[in-house]
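Note sheet for the following structure.
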Amino acid sequence: MKTSERLDRLPTYLFAEIARKIEEKKAAGVDVISLGIGDPDTPTPEVAIEALAAAAHEPGTHQYPSNRGRPELREAFARFYDRRFGVSLDTDTEIVPALGAKECIFNLNLAFLDPGSVALAADPGYPVYTGGPVLAGAEAELMPLLPERGFAPDFDAVSPDAWERARIMYLNYPNNPTGAVVPDGLFEEAIERAREHDVLVIHDASYTETTFDGYVAPSFLETPGAKEVGVEVFSLSKGYNMTGWRTAAIVGNADALAAYWKLKTNIDSGMFDAVQLAAVAALDDAETPKRMSEIYQRRRDLVVDALREVGVDVTPPKGTIYVWAPVPEGHTSASYCERVLDESGVVVSPGGSYGPNGEGFFRISLTVADERLTEAMERMRSSLGG
Ligand SMILES: Cc1ncc(COP(=O)(O)O)c(C=O)c1O
């Protein structure tokens, strides 16, 4: 069977590979603790579950949904953006629901890229920023995120040729995998460059609701001029424990949303109406993300303290559900993660899988219960030199 060249050009998706390794270890009788994938371990808020159950009993929700989304859901996103960020959104033209941020991010590549065009993508970064352009027949130009720049891309380092061919640029703060929050002035600079080079800025806001130490993450759309050149992808997956529900939205520039919607109507048939009504209930619940942030902050402290105890130099992140740490000397990120799995039955993600500038780091996800996290850190001590 001949598969497409574009598929052949892609590496196996990072977490598919991790899942395979976990199964192998489990089959061999190992009690694996997975700190690999960022998948919240606590349940979806009860209000969302109740709203889903009630809506599922209404036969009107059983038919094809509209790809524009129910008015109630678009209004709930508008209410949320107003309450949370002070950003006003037009419910007719500036909000389209998405089946998770991943679907939206991938499809934006198809909507905006042609062979020969470029997506500017953070390195390290969420793998779909680089895999998506390849599947669209285009190219990803990597923008290194370096600790010494606060994990901000250096726009001056992007070549004139890449700027010329760039159609879209991905930004993501709070950032996966580094845990960095948006450096001062970065959104303003991105808007300036986007205007200059006619590039659509796509800000991935998957982690804005999970922050620590009193830090409150902004929306890209709060920055003056953002709506003229950009969109934001907001997801309920992480902040509301709804990864399985596939609930997100793209908001912002109306022309970009119209292009995404046109593409999407040819690809999928929208979000189950009952899930849309559950998302309304979740968005109106301001408490869950706050409560979850407290839980992750406690776990972050637990991990950072354990790493520091054995001499690992780690910066406590102000947001996301990850800790990003350097691998011990003498290891690549892949060899280190393999050693941790073999010696301690703990899965952590190799930084190199998020791009060349992730090499030398590994990522710990905070989405397991405190006791298991404590046990994982205890088991990892020896591989960290403690
Ligand atoms: C930066 C980033 N964007 C998007 C996603 C995907 O989110 P969703 O579950 O909404 O598809 C993830 C998931 O890990 C992520 O880390």
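The values are calculated or read from the model by the stated rules, or taken from the named source; none is laboratory data. Note that the coordinates shown come from a computational prediction; the quantities given were computed from them, not determined experimentally. Cβ: placed from backbone, ideal geometry, glycine included. Neighbour counts: every protein chain shown. We work out accessible area using only protein heavy atoms, side chains counted, and drop any ligands, DNA or RNA first. Shrake-Rupley method; radii C 1.70, N 1.55, O 1.52, S 1.80 Å.
What do you reckon, is A369 away from the ligand (no atom under 16 Å from the Cβ), over 25 Å from the mean Cα position of the chain (by Cα) and not acidic (D, E)? The answer is no for A369. Only one of the numbered conditions (1) crowded, with 17+ Cβ neighbours inside 10 Å; (2) within 16 Å of the ligand (Cβ to nearest atom); (3) outside any loop (DSSP other than H, G, I, E, B) is violated by E17, and that is (1). Filter region 92-120 down to residues that are acidic (D, E) and more than 16 Å from the ligand (Cβ to nearest atom) and give me whichever is farthest from M143 (Cα to Cα). Among them, the one singled out is D92. Considering only region 202-216, state which residues are more than 13 Å from the ligand (Cβ to nearest atom) and of a type in the set (G, A, S). Residue satisfying the conditions is G214 alone. Of all residues assigned to region 313-333, none qualifies as being outside any helix (DSSP H, G or I) and closer than 17 Å to I22 by Cβ.
Given the condition on the phi > 0 side of the Ramachandran plot and within 16 Å of the ligand (Cβ to nearest atom), answer yes or no: does some residue in region 285-294 qualify? Checking region 285-294: not a single residue is on the phi > 0 side of the Ramachandran plot and within 16 Å of the ligand (Cβ to nearest atom). Select from region 179-232 the residues that are surrounded by 19 or more Cβ atoms within 10 Å (Cβ to Cβ) and among the β-branched types (V, I, T) and list them in ascending order. Those that are surrounded by 19 or more Cβ atoms within 10 Å (Cβ to Cβ) and among the β-branched types (V, I, T): V181, V182, I191, V199, V201, I202, T208, T210, T211, T223, V229, V231.
Residue by residue, here is whether (1) among the aromatic types (F, W, Y); (2) closer than 14 Å to A48 by Cβ; (3) within 16 Å of the ligand (Cβ to nearest atom) holds:
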site: G225; (1), (2), (3): no, no, no
site: G239; (1), (2), (3): no, yes, yes
site: A249; (1), (2), (3): no, no, yes
site: A256; (1), (2), (3): no, no, no
site: W261; (1), (2), (3): yes, no, no
site: K264; (1), (2), (3): no, no, yes
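Of the numbered criteria (1) crowded, with 18+ Cβ neighbours inside 10 Å; (2) free of Cβ contacts under 8 Å to residues at least 60 places away in the same chain; (3) under 21 Å from the mean Cα position of the chain (by Cα), the one T320 fails is (2). Can you find a residue in region 51-58 that is more than 24 Å from A217 (Cα to Cα), part of a loop (DSSP other than H, G, I, E, B) and in contact (Cβ under 8 Å) with a residue 60 or more places away in the chain? Within region 51-58 (the criterion being more than 24 Å from A217 (Cα to Cα), part of a loop (DSSP other than H, G, I, E, B) and in contact (Cβ under 8 Å) with a residue 60 or more places away in the chain), the answer is yes, since at least one residue qualifies. Within region 173-194, residues that are free of Cβ contacts under 8 Å to residues at least 40 places away in the same chain and under 28 Å from V314 (Cα atoms) reach partners that are assigned to a helix (DSSP H, G or I) and within 16 Å of the ligand (Cβ to nearest atom) with beta carbons closer than 6 Å, at six or more positions or on different chains, in the pairs F187/F220. Every residue in region 242-251 that is among the polar types (S, T, N, Q) and open to solvent by less than 10 Å² (accessible area, probe 1.4 Å), please. Of everything in region 242-251, just one residue is among the polar types (S, T, N, Q) and open to solvent by less than 10 Å² (accessible area, probe 1.4 Å), namely T247. Against the numbered list (1) over 21 Å from the mean Cα position of the chain (by Cα); (2) open to solvent by 10 Å² or more (accessible area, probe 1.4 Å); (3) over 17 Å from K21 (Cβ atoms), D342 comes up short only at (3).
Quick check on region 64-106: of everything there that is among the small types (G, A, S) and modelled with pLDDT of 95 or more, which residue is most open to solvent (accessible area, probe 1.4 Å)? Across region 64-106, the extreme among qualifying residues is S88.
The set of residues in region 143-179 being over 19 Å from S349 (Cβ atoms) and small (G, A, S) consists of G150, A152, A157, S159, A162, A166.
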